[in-house]
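Engineer: Got a structure here, written out as structure tokens. Questions coming.
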Amino acid sequence: AQSVTQLDSQVPVFEEAPVELRCNYSSSVSVYLFWYVQYPNQGLQLLLKYLSGSTLVESINGFEAEFNKSQTSFHLRKPSVHISDTAEYFCAVSDKTGANNLFFGTGTRLTVIP
Amino acid sequence: EAGVVQSPRYKIIEKKQPVAFWCNPISGHNTLYWYLQNLGQGPELLIRYENEEAVDDSQLPKDRFSAERLKGVDSTLKIQPAELGDSAVYLCASSPPAGELFFGEGSRLTVL
């Protein structure tokens, strides 16, 4: 089985400052990794994913995450945050069997302060 | 294209009453998931369907929870009777084979 740890439950950051949301995972098999974002009163939306290839993956709105196999991490970063980035961010992992069973972390609430 | 549609968005009931949630997946998505999201927690899988077959229901509390996906399209999740601890958001998601999951907006249940 897989598990995900998001140590930071809340991250406040000023607008235009950089941010890093940490994610570590545990698995005995190779995995796929995901970041989902949940805006208030909305469903989860896929932000970015790592399946294979380049360990650095990017989203269309400026977020990036780097898969680090030796540290079993998949931290999410953005060099300059906007007010609109305020949301809950979930890291998730699934194995490569194709079953698509996602195991989520407990989430990190990012609050961007004007 | 319409996304995953769930109803109701909000439901308030008294304990011991029954409640049902409905999910309409994205057209053509054969895999459907029900997730439970407790306050301050990440979603946890309750049940996964491949077409009309429940292929993973190991986390579904079968004494009070039931689900069905007749004809392999829409799905209903039922709780009978509801308990205080069932207050949570119930998320539905769908995906094509081995593809990305798309989530609905969720059904928020409050049990008084």
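The values are calculated or read from the model by the stated rules, or taken from the named source; none is laboratory data. Source: prediction; values computed, not measured. For neighbour counting, all protein chains shown are included, and Cβ atoms are generated from backbone atoms with ideal geometry for every residue, glycine included. Quick note on the areas: whole protein, heavy atoms, side chains included, nothing else; ligands and nucleic acids left out. Shrake-Rupley method; radii C 1.70, N 1.55, O 1.52, S 1.80 Å.
Engineer: List the relative contact order of chain A as a percent without decimals, with contacts defined as Cα pairs under 8 Å and 6+ residues apart. Intermediate results must be reported in sequence, preceding the final value.
Structural biologist: On the way: 280 pairs, mean separation 43.3, N = 114.
Result for chain A is 38 percent.
Engineer: Under 10 Å from the Cβ of residue A:20, count the other residues' Cβ atoms, weight Lys and Arg +1, Asp and Glu -1, and hand me the total.
Structural biologist: Working: positive: A:22, A:77, A:78; negative: A:8.
Net local charge, residue A:20 excluded: +2.
Engineer: Residues of B:94-101, mean number of Cβ from any other protein chain within 10 Å of their own Cβ, rounded to a whole number?
Structural biologist: The mean count of partner-chain Cβ atoms within 10 Å per residue comes to 3.
Engineer: Here's another thing I want to ask about it. Pick out which of B:78, B:62, B:11 has the largest mean-square fluctuation in a Gaussian network model of chain B, springs linking Cα atoms closer than 10 Å.
Structural biologist: B:62
Engineer: In Å and from the alpha-carbon atoms only, list the Rg and Dmax of the protein assembly as shown.
Structural biologist: When restricted to the Cα atoms of the protein assembly as shown, Rg and Dmax are 17.7, 52 Å.
Engineer: May I pose another question? Quick one: check the C-alpha center-to-center distance for segment B:67-86 versus segment A:43-81, whole angstrom.
Structural biologist: When both Cα centres are located, 34 Å separates them.
Engineer: If you count, for every residue in B:41-51, the Cβ atoms of partner chains within 10 Å of its Cβ, what is the mean?
Structural biologist: 4
Engineer: Provide the net charge surrounding residue B:55, with neighbours chosen by a C-beta distance below 12 Å and charges set as Lys +1, Arg +1, Asp -1, Glu -1. Intermediate results must be reported in sequence, preceding the final value.
Structural biologist: On the way: positive: B:48, B:69; negative: B:50, B:52, B:53, B:56, B:57.
After counting each charged neighbour, the total is -3.
Engineer: Give the residue list of trypsin sites (Lys or Arg not before Pro) in segment A:20-114 that are DSSP loop and have at most 14 other beta-carbon atoms within 10 angstrom. Numbers along the way, then the final one.
Structural biologist: Details: sites: A:22, A:49, A:69, A:77, A:96, A:109; in loops: A:22, A:69, A:96.
Passing sites in segment A:20-114 are A:69, A:96.
Engineer: May I ask you to derive the FRET efficiency for residue A:69 and residue A:7 from their Cβ-Cβ distance with R0 = 25 Å, giving the value to the nearest 0.05? The partial results should precede the final answer.
Structural biologist: Values: r = 19 Å, r/R0 = 0.77.
In this case the efficiency is close to 0.85.
Engineer: Per residue, how many Å² of accessible area does segment A:74-114 show with a 1.4 Å probe? Working shown, then result.
Structural biologist: Numbers: 1490 Å² over 41 residues.
Heavy-atom accessible area per residue stands at 36 Å².
Engineer: Going by the alpha-carbon gyration tensor, a ≥ b ≥ c the square roots of its eigenvalues, is segment A:41-100 rounded (a/c under 1.5) or, if a/c is not under 1.5, prolate (a/b greater than b/c) versus oblate?
Structural biologist: oblate
Engineer: Contour minus end-to-end for residue A:82 and residue A:39, with contour as 0.36 nm per residue of separation and end-to-end as the Cα-Cα distance? Provide the component values of the computation, followed by the final result.
Structural biologist: Details: separation 43, 0.36 × 43 = 15.48 nm, distance 1.37 nm.
So the extension gain works out to 14.1 nm.
Engineer: Once you mark the GluC sites (Glu not before Pro) that are in a DSSP loop and have at most 13 other Cβ atoms within 10 Å, what is the longest gap between them in chain B?
Structural biologist: Answer from the scan: B:15-82.
Engineer: Less than 17 Å apart at the alpha-carbon level, and either on another chain or at least 8 residues along: which aspartates and glutamates does that give for residue B:71?
Structural biologist: B:50, B:52, B:53
Engineer: Let me ask something additional. Using the reciprocal of the averaged 1/r over all distinct C-alpha pairs, how large is the Kirkwood radius of segment B:41-112 in Å? Walk me through the numbers before you get to the answer.
Structural biologist: Working: mean 1/r = 0.0754 Å⁻¹.
Kirkwood hydrodynamic radius for segment B:41-112: 13.3 Å.
Engineer: Give me the net charge for the shell around residue B:32: Cβ to Cβ below 13 angstrom, other residues only, Lys and Arg +1, Asp and Glu -1. Mind showing how you got there, number by number?
Structural biologist: On the way: positive: B:48, B:69, B:71; negative: B:50, B:52, B:53, B:56, B:57, B:68, B:74.
That sum, taken over residues with Cβ under 13 Å, equals -4.
Engineer: So what's Rg/Rh here for chain A, counting alpha carbon atoms and using the Kirkwood radius for Rh?
Structural biologist: Numbers: Rg = 13.5 Å, Rh = 14.2 Å.
Dividing the radius of gyration by the Kirkwood radius yields 0.96.
Engineer: What lysines sit close enough to residue A:78 to cross-link, taking a C-alpha to C-alpha distance under 21 Å and skipping anything fewer than 8 places away on the same chain?
Structural biologist: A:49, A:69
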